[in-house]
Amino acid sequence: MKLKLAFVLSFVLLNLFCGNAFAQKDSTVVVPKWGIDKSYTGLSYVEAGVFGVNITYTTKRHAVAFGPHVFYHSLFPGQNDWERYGATVSYSYFLIRSNRLFAPFVFYDLNYNYAKASRLDVVKADDGVTKHTVSREATSHSLAHHFGIGTRCNFYQGFFLHLSVGAGPSTFGQSVFLRSLQSAYADEQEVKEHPFSKYETAFMFRIGIAYQIGADQLKKGNRCCD
């Protein structure tokens with residue numbers, strides 16, 4: 001539900017920016033550009049959202065991007081300690097020239113996620129009666145292939161707002177290790193799965209803002225807002 005609401009709000013925001021952008025003169029010159037893209041992505045297969053920063057390279061019809069991302073949603077409820085991060089590689093094909101004020105595109109996105117979390121738990125000993133406290137440490141890996149559509153809008157000199165939505169197959173696996181907090185009981189492996197042993201359909205939406213500049217502008221030392 002949160003994912004759907006965020007997508008609707010993102011779509012409204014994109015249209016507001018695009019409305020202002022149409023007051024500008026549309027561009028007809030295509031210059032390959034480098035850029036930095038900061039984005040938020042909602043991911044269904046980890047039930048979480050991530051913030052990412054990508055390095056992008058855009059030509060007339062194509063764009064490639066790569067960058068790391070970090071989770072900000074909780075993946076395991078009741079956790080005491082956690083770390084989670086990943087990386088995204090994406091390719092986009094623009095249906096019209098990439099430098100237009102309003103440029104729709106189709107894309108492929110390869111998304112890797114790693115998460116590690118721990119929380120305290122109480123489990124039964126081998127006799128089935130005695131209970132003791134453990135630290136439940138869970139590690140998971142996931143890999144998703146997203147195919148989708150999107151659009152971006154050049155709302156100010158070199159600045160772009162973009163929105164995309166996609167879906168595709170994903171694989172994941174989780175390992176759970178119980179670390180005993182009492183010396184009378186041994187540690188044990190509760191679950192040990194291959195990193196990509198399970199499959200499901202993954203959904204995602206992404207909204208972000210990017211700034212791009214041509215190599216010729218970099219050499220001249222031009223700034224974004226001159």
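The values are calculated or read from the model by the stated rules, or taken from the named source; none is laboratory data. The structure displayed is predicted, hence computed values, not measured ones. Using ideal geometry, Cβ is built from the backbone for each residue, glycine included, and neighbour counts are taken over all protein chains shown.
Restricting attention to region 192-226 and to residues that are in a loop (DSSP other than H, G, I, E, B) and of a type in the set (D, E, K, R), the residue that is modelled with the highest pLDDT turns out to be Glu193. Of the residues in region 171-185, none is in a strand (DSSP E or B) and under 25 Å from Asp37 (Cβ atoms). Number of residues in region 68-101 that are of a type in the set (A, V, I, L, M, F, W, C), out of contact with any His (no Cβ under 9 Å at 6 or more places or on another chain), modelled with pLDDT of 80 or more and surrounded by 15 or more Cβ atoms within 10 Å (Cβ to Cβ) equals 1.
For (1) under 27 Å from Thr58 (Cα atoms); (2) buried (at least 17 other Cβ atoms within 10 Å of the Cβ); (3) out of contact with any helix residue (DSSP H, G or I) (no Cβ under 8 Å at 6 or more places or on another chain), each residue gets a yes or a no:
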| position | (1), (2), (3) |
| --- | --- |
| Glu137 | no, yes, yes |
| His146 | yes, yes, yes |
| Gly158 | yes, yes, yes |
| Ser175 | no, yes, yes |
| Glu188 | no, no, yes |
| Thr201 | no, no, yes |
| Met204 | yes, yes, yes |
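Looking only at residues of region 151-191 that are farther than 30 Å from Val123 by Cα, of a type in the set (S, T, N, Q) and at pLDDT 85 or above, we find that the one that is nearest to the chain's Cα centre (by Cα) is Ser164. Of the residues in region 116-135, at least one is at pLDDT 80 or above, in contact with a strand residue (DSSP E or B) (Cβ under 8 Å, 6 or more places away or on another chain) and within 26 Å of Val53 (Cα to Cα). Of all the listed residues (Ser142, Ser197), the sole one being small (Gly, Ala, Ser), surrounded by 13 or more Cβ atoms within 10 Å (Cβ to Cβ) and farther than 30 Å from Thr130 by Cβ is Ser142. Please find, within region 39-53, the residue that is modelled with the highest pLDDT out of those that are touching a Lys or Arg at 6+ places or on another chain (Cβ under 6 Å) and under 14 Å from Ser164 (Cα atoms). Only one residue fits best here, namely Ser39.
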